[in-house]
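This report refers to the structure that appears directly beneath it.
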Amino acid sequence: MSDNPYQDGRGNKDASITNTKGMGTMTPAHRKSGPTTKVDGGPFLIGDTMTGGYGKGPDILHDCTIAVNPGEIAVIVGPNGAGKSTAMKAVFGMLDVRSGSVRLDGEDITRLTPQDRVVKGMGFVPQTNNIFTSMTVEENLEMGAFIRRDDIRETMEQVYDLFPILREKRYQAAGELSGGQRQQVAVGRALMTKPKVLMLDEPTAGVSPIVMDELFDRIIEVSRTGLPILMVEQNAKQALAIADKGYVLVQGRNAFTGTGKELLEDPEVRKSFLGG
Ligand SMILES: Nc1ncnc2c1ncn2[C@@H]1O[C@H](COP(=O)(O)OP(=O)(O)OP(=O)(O)O)[C@@H](O)[C@H]1O
Ligand SMILES: [Mg+2]
């Protein structure tokens with residue numbers, strides 16, 4: 001078996017994502033130590049009935065709930081302006097949550113800063129400005145590992161094995177890369193902290209269908225190592241096809257929730273959000 005936990009077999013479109021592999025070095029820490037210390041028995045990461053907005057502005061989120069468990073890909077879809085990015089930012093602590101809570105592995109982290117959430121194991125790739133364009137690819141990955149004091153080279157090799165093009169372009173400025181390659185830098189940067197949960201806001205934004213499929217395959221590969229993935233996607237049909245769990249958000253509220261398959265088959269969801 002390969003040393004790289006992402007390398008055994010390519011991802012596919014199978015929605016039934018299971019953990020078939022041994023524990024790799026990028027396996028989330030909580031899985032190494034046997035049973036987790038969860039106290040509430042709830043999801044591994046949850047933004048629970050969150051209400052809030054930006055600064056002193058109006059509420060954008062209204063009792064919005066999103067969650068993900070180990071080995072799962074949870075996908076958030078919905079129209080432009082629905083509050084998908086806002087919900088992700090709320091979970092990451094970039095927004096004042098006026099009511100509701102955010103819990104990670106049973107611990108209430110609602111009041112933690114984003115930096116402290118990274119220390120707790122959250123990896124977040126925002127929708128925009130998610131790389132340092134004037135720095136090289138490798139410097140971007142090094143920046144990603146800023147909280148670590150141990151040797152980061154092994155993780156960097158794993159990221160390069162996952163995204164071989166990044167190894168090729170490691171000394172090139174990230175701003176010179178294509179859209180799809182930049183997204184790989186952004187995801188790779190987040191993986192450098194060895195997160196326990198990965199949050200991606202539109203990882204396939206602005207890329208061609210072929211590159212989108214390729215990125216989804218890589219995301220499935222990462223998920224199979226046991227790392228829970230919570231992501232927002234504009235390509236709703238394709239994303240729900242790989243989702244264990246899906247959320248349709250409308251005007252800051254949960255409109256529909258179900259397995260990816262259930263949502264894809266729901267006539268209402270199809271008509272209103274998936275183009276029929
Ligand atoms: N920094 C901000 N300050 C104030 N309002 C904001 C800010 N960012 C977003 N909003 C508002 O919050 C609402 C939801 O925006 P959000 O970016 O969360 O939507 P989205 O579902 O991610 O949309 P898209 O599909 O276009 O990415 C919008 O009305 C938007 O104008
Ligand atoms: Mg958005």
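The values are calculated or read from the model by the stated rules, or taken from the named source; none is laboratory data. This is a predicted model, so every value here is computed, not measured. When we count neighbours, we look across all protein chains shown, and the Cβ atoms used for this are built from the backbone with ideal geometry, even at glycine.
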For segment 94-116, which positions are in a loop (DSSP other than H, G, I, E, B), aliphatic (A, V, I, L, M) and surrounded by 17 or more Cβ atoms within 10 Å (Cβ to Cβ)?
Leu95, Ile109, Leu112
Scanning segment 122-148 for residues that are part of a helix (DSSP H, G or I) and of a type in the set (A, V, I, L, M), which turns out nearest to Leu177 (Cα to Cα)?
Val137
One residue is enough: does segment 111-134 have a residue meeting the conditions closer than 22 Å to Ile242 by Cα, away from ligand 1 (no atom under 16 Å from the Cβ) and touching a helix residue (DSSP H, G or I) at 6+ places or on another chain (Cβ under 8 Å)?
yes
Pairs under 9 Å by beta carbon, first residue within 18 Å of Val102 (Cβ to Cβ) in segment 191-209, partner buried (at least 21 other Cβ atoms within 10 Å of the Cβ) and among the basic types (Lys, Arg), six or more apart or different chains?
Asp201/Lys84; Asp201/Lys89
Considering only residues that are more than 14 Å from ligand 2 (Cβ to nearest atom) and polar (S, T, N, Q), look in segment 224-250 and name the one that is farthest from Lys196 (Cα to Cα).
Gln238
Filter segment 190-222 down to the residues that are among the β-branched types (Val, Ile, Thr) and in contact with a Leu (Cβ under 9 Å, 6 or more places away or on another chain), then identify the one that is nearest to ligand 2 (Cβ to nearest atom).
Thr204
Expected single match for assigned to a helix (DSSP H, G or I), among the aliphatic types (A, V, I, L, M) and under 27 Å from Gly180 (Cα atoms) among Val91, Val119 is Val91
Across segment 86-109, what is the number of residues that are away from ligand 2 (no atom under 16 Å from the Cβ) and within 18 Å of Asn69 (Cα to Cα)?
9
Of the residues in segment 75-99, those that are modelled with pLDDT under 95 and charged (D, E, K, R) number 1
For segment 221-276, list the strands (runs of 3 or more DSSP E) that sit wholly inside it and hold at least 3 residues that are out of contact with any Cys (no Cβ under 8 Å at 6 or more places or on another chain) and surrounded by 21 or more Cβ atoms within 10 Å (Cβ to Cβ); which are they?
229-232, 245-250
With Asn140, Asn129 as the choices, which residue is without any contact (Cβ under 8 Å) to a residue 60 or more places away in the chain and surrounded by 14 or more Cβ atoms within 10 Å (Cβ to Cβ)?
Asn140
